1. Averaged over its residues, how many other protein chain Cβ atoms are within 10 Å of peptide A:210-219's Cβ atoms?
2. What ranking of A:D73, A:D125 emerges when the number of other C-beta atoms within 10 Å of each C-beta is taken as an exposure proxy, fewest first?
3. Could you put B:E145, B:E212 in order, starting from the residue whose Cβ has the fewest other Cβ atoms within 10 Å?
4. For B:156-169, what's the mean count of beta carbons from other chains sitting within 10 Å of each residue's beta carbon?
5. Distance from the Cα centre of segment A:61-81 to that of segment B:21-99, in angstrom?
6. Considering Cα pairs under 8 angstrom that are at least six residues apart, work out the relative contact order of chain B and quote it in whole percent.
7. Inside 10 Å of the C-beta atoms of B:100-112, what's the mean count of C-beta atoms belonging to other chains?
8. Rounded, prolate or oblate: which one fits the protein assembly as shown, using the alpha carbon gyration tensor with axes a ≥ b ≥ c (rounded when a/c is under 1.5, else prolate when a/b beats b/c, else oblate)?
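Throughout, read-outs are computed from the coordinates displayed, never taken from laboratory work. Just so it is clear, the structure is predicted and the values come from calculations on it, not from any experiment. Cβ placement follows ideal geometry from the backbone for every residue including glycine, while neighbour counts extend to all protein chains displayed.
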Number of protein chains: 2
Amino acid sequence: MTARNSSETARVIPEATVARLPVYLRALTALAESGIRTCSSEDLAVAAGVNSAKLRKDLSYLGSYGTRGVGYDVDYLRYQIAREIGVTQDWPVVIVGIGNLGHALANYSGFRSRGFRVVALLDADPHLHDELVAGVAVRPFDDLEAIVAEHGVAIGVIATPAVSAQNVADRMVAAGITSILNFAPSVLSVPDGVDVRKVDLSIELQILAYHEQRKAHDAAGAALPPVEGAAL
Amino acid sequence: MTARNSSETARVIPEATVARLPVYLRALTALAESGIRTCSSEDLAVAAGVNSAKLRKDLSYLGSYGTRGVGYDVDYLRYQIAREIGVTQDWPVVIVGIGNLGHALANYSGFRSRGFRVVALLDADPHLHDELVAGVAVRPFDDLEAIVAEHGVAIGVIATPAVSAQNVADRMVAAGITSILNFAPSVLSVPDGVDVRKVDLSIELQILAYHEQRKAHDAAGAALPPVEGAAL
DNA sequence: GCCATTTTGTTCCCACGTTCACAAACTCCT
DNA sequence: AGGAGTTTGTGAACGTGGGAACAAAATGGC
């Protein structure tokens, strides 16, 4: 029951909607770059790959930013979503674990262009220290606390092997980080109030493999005659 | 109604359950490596970071592999889940787009250890051709069809820039690939029967940023008096 | 053999998310 | 100005998923 700002209405955006807002943002940016000034919910829904009713309901959680009979002003809606997500401000980020994936993340241009600024790359391996990756020098993991304090870092990215991940997360939380993006294949336990999101490359492939196997299985089952030979 | 195997029951596993099976598999592997032979649903639930009731319900979709009053045999359950997902067999995979992320994916050991074999790395850039990445030579993108046909590839990974992603997906589908893991920040349109899963690094960060902003906002809102009354 | 104990498998119920369908509201044309 | 045509915003129905609670089944002690 914290005090609510009077200018905001209900202000309870469902988690599923939050996860789609960045997709809408990207679609709106693409439309804007095509020179399109106005779009209908149907247009935007197609660009974002969702149902238009869902899109309208999602946007309605933010407010009434469209005009009936007309549609949405691309730039205006884009700004409103960006403000809602928080990407109009600058988010300092630290990346821990500069292996192959850490390299790729440090070089990923999609971060900087969306308000995320990589302020430090950390690794426990001394051989990597002072090496420049994407123009940023790799520093010792023990510098974590100083860097977090100096830059006011709230978001940390873990790209270490699984065995180190929990230790890194503990140190991050102790240093004051409250949001963690975890690429290590391990379950992190963190205190309440700390958000963790997990990206697991091999899990995604395994989900695909399951469906792939089912396709093959179903096809074989449909192709073979169920009557003969299939002794029960 | 396609013909069903007589030994299988309903065999409709919810999507949410499918997404968790790889997590259970990983947790079981960790338990097995610790020398644990038997575990309760509670033990496994803790290791996987889920509720034990949910875990039991998930496993019940596969069959009755536990023993009441005892628990689950770790190795047996591990095999059953692996078989259900399909990771007991070998899945040839092609990766298209050998930039920073493509490099990281090619080197990711979590693939090979789970039944996924990278049979080819493809890139349109001739400068990369014949370069060895993780022991595999980079080949021209135009070799896609030949490689898919030769190895019977069903799963493709897209790690190209956004502008190329749809074209790569179209070529993959035409070549016979029916499951795509897309790391490019773009919405792919594919025909029915083709599965696409999307991993978007910057979207994950944006979701964290939203929650981070809300934390800061709530804290400020609790400390400061309401600002302006924007009544209608 | 029988009871107490443990733990699974399942049922029931609630909350969340998705989709349909439609009234409200805006533009444009005559 | 008024009506026809669009398109948003939302209420209501529907489906999926999560969690508590419990009956069923196994073990072990006596």
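1. Details: counts 12, 8, 9, 9, 6, 6, 4, 5, 3, 1.
Mean partner-chain Cβ count within 10 Å for A:210-219: 6.
2. On the way: A:D73 16, A:D125 12.
Lowest to highest Cβ neighbour count: A:D125, A:D73.
3. On the way: B:E145 13, B:E212 20.
Ranked by crowding around the Cβ, least crowded first: B:E145, B:E212.
4. Working: counts 1, 4, 0, 1, 0, 1, 3, 0, 0, 0, 0, 0, 0, 0.
Whole-number average of other-chain Cβ neighbours for B:156-169 is 1.
5. Between the Cα centres of segment A:61-81 and segment B:21-99 lies a distance of 45 Å.
6. Working: 286 pairs, mean separation 28.0, N = 232.
Dividing the mean separation by the residue count of chain B yields 12 percent.
7. Details: counts 11, 7, 1, 4, 10, 5, 1, 3, 7, 3, 8, 4, 1.
Mean partner shielding for this stretch: 5.
8. On the way: a/c = 1.37, a/b = 1.31, b/c = 1.04.
Rounded, because the longest to shortest axis ratio a/c is under 1.5.
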